[in-house]
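Read through the structure below, which is laid out as structure tokens, and then see the notes.
The values are calculated or read from the model by the stated rules, or taken from the named source; none is laboratory data. Predicted model only: the values in this text are computed from it and were never measured. Don't worry about glycine lacking a Cβ; one is built from the backbone with ideal geometry, like all the others, and counts go over all protein chains shown. Heavy atoms of the whole protein, side chains included, go into the accessibility calculation; ligands, DNA and RNA do not. Shrake-Rupley method; radii C 1.70, N 1.55, O 1.52, S 1.80 Å.
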Amino acid sequence: MTDRTFPYNAALVLQGGGARGAFTAGVLDVLMENGLYFPYVIGTSAGGLNAVNYISRDIGRSKYVTTVMMNDKKFLSLRNRFFRGTVFNFAYLFHTVPKSTLPFNFGEYNSSPVEFVVVATCLEDGKPHYFKKGKCKEFYKALAASASLPIASNPVDVEGLHYLDGGVTDAVAFRHAFEEGFQKLIVVETRQAGYRKKPAGKGKMFLSKLLYGKYKKFIQAYRQQSATYNRDMDELDDLERQGKIFMIRPRTAPNVKIAEKDSDKLIALYEQGRSVAESRLLDLIHYLEA
């Protein structure tokens, strides 16, 4: 499939969500199969992990990660939390797996002209920080930080500061894409329309204070996560109604946990991502060409 060329004002924005990234994997495979590539990609958490395989043009690779590797104990386990500081072993995913079970197109990824940005939450100031491939010297650490879930992970040191999940402060980084000058945004969400987040319960807040209590601004941001998320979703809904963004999201509530291991559920969510993307492909092209 020949790549389609669009005006260089289009950005792809990818939400995280742990195992719900299987939906995004399906969407991205359809985009790649149809030669739809964009000059700018910004991802939060699992959205950033999926973006890596989109930029390397490895069709099917994110499907494997999100539907098969979730059952690989070397990648995901409570044992990792105690011995490696995170339930997700990103060193294994980034450095071991590409050289063994799941090849990665390093040449395409490294030479790609696509601007690739990941979002992580800084513990020192409680704000989202944005790391760009080629500009950040520790980009893989930033990628791991973006996907390091609170409570399930120790903070990740990136260039002298400490970070966790970008979803705490910027789950869908559409504002940053606009700020970077892009006028057309394709936003891939991993929640159904109308979903709003509930405040963190007392148990989560207790554990977050126990683990990260010295980072007062992060604790405040974590406490406000649901309000931040819900405000952003309200704004995204308004932008979609105005035709200023193109939204791709699940038709129904994803029936998977954030660290889901049920392969049938994960494959079903991947297939839903493919189905939604295929059904909206012509509308997407019209939006980009308008």
Ser62 passes all but one of the listed conditions (1) open to solvent by 10 Å² or more (accessible area, probe 1.4 Å); (2) of a type in the set (S, T, N, Q); (3) assigned to a helix (DSSP H, G or I); the exception is number (1)
The stretch 243-255 - residue that is assigned to a loop (DSSP other than H, G, I, E, B) and open to solvent by less than 20 Å² (accessible area, probe 1.4 Å) and, of those, modelled with the lowest pLDDT:
Pro254
Those residues of the stretch 145-168 which are open to solvent by 10 Å² or more (accessible area, probe 1.4 Å) and either part of a helix (DSSP H, G or I) or basic (Lys, Arg) (or both), in sequence order
Gly167
Within the stretch 256-266, the count of residues that are touching a residue at least 24 places away in the same chain (Cβ under 8 Å) and either under 17 Å from Gly167 (Cβ atoms) or part of a helix (DSSP H, G or I) (or both) comes to 7
Filter result for Ile258 (over 15 Å from Gly194 (Cα atoms) and not charged (D, E, K, R))
yes
Report the residue count in the stretch 104-113 for those that are part of a loop (DSSP other than H, G, I, E, B) and either open to solvent by less than 30 Å² (accessible area, probe 1.4 Å) or modelled with pLDDT of 95 or more (or both).
3
Can you find a residue that is within 25 Å of Leu282 (Cβ to Cβ) and among the acidic types (Asp, Glu) anywhere in the stretch 32-46?
yes
Selection within the stretch 92-101 - among the hydrophobic types (A, V, I, L, M, F, W, C) and either touching a strand residue (DSSP E or B) at 6+ places or on another chain (Cβ under 9 Å) or open to solvent by less than 20 Å² (accessible area, probe 1.4 Å) (or both)
Leu93, Val97
In the stretch 144-172, the residues that are over 21 Å from Ala200 (Cβ atoms) and small (Gly, Ala, Ser)
Ala144, Gly160
Filter the stretch 169-209 down to residues that are under 19 Å from Ile248 (Cβ atoms), of a type in the set (Lys, Arg) and not in a loop (DSSP other than H, G, I, E, B) and give me whichever is least open to solvent (accessible area, probe 1.4 Å).
Lys184
Cβ-Cβ distance below 7 Å, separation of 6 or more or different chains: which pairs start in the stretch 23-42 with a residue that is within 15 Å of Arg274 (Cα to Cα) and end on one that is surrounded by fewer than 24 Cβ atoms within 10 Å (Cβ to Cβ) and among the basic types (Lys, Arg)?
Ala25/Lys63; Gly26/Arg274; Asp29/Lys63; Asp29/Arg274; Val30/Arg274; Met32/Arg57; Gly35/Arg4; Leu36/Arg4
Please list, ordered by first then second residue, the pairs with beta carbon atoms under 6 Å, 6 or more apart or interchain, first in the stretch 122-141 and within 13 Å of His162 (Cβ to Cβ), second open to solvent by 40 Å² or more (accessible area, probe 1.4 Å) and not basic (Lys, Arg).
Cys122/His129; Cys122/Leu161; Leu123/Pro155; Leu123/His162; Glu124/Leu161; Gly126/Gln220; Glu138/Glu159
For the stretch 78-103, what are the residues that are on the phi < 0 side of the Ramachandran plot and either β-branched (Val, Ile, Thr) or assigned to a loop (DSSP other than H, G, I, E, B) (or both)?
Thr86, Val87, Asn89, Thr96, Val97, Ser100, Thr101, Leu102, Pro103
Does Gly35 qualify as being at pLDDT 95 or above, outside any strand (DSSP E or B), open to solvent by less than 10 Å² (accessible area, probe 1.4 Å) and of a type in the set (Gly, Ala, Ser)?
no
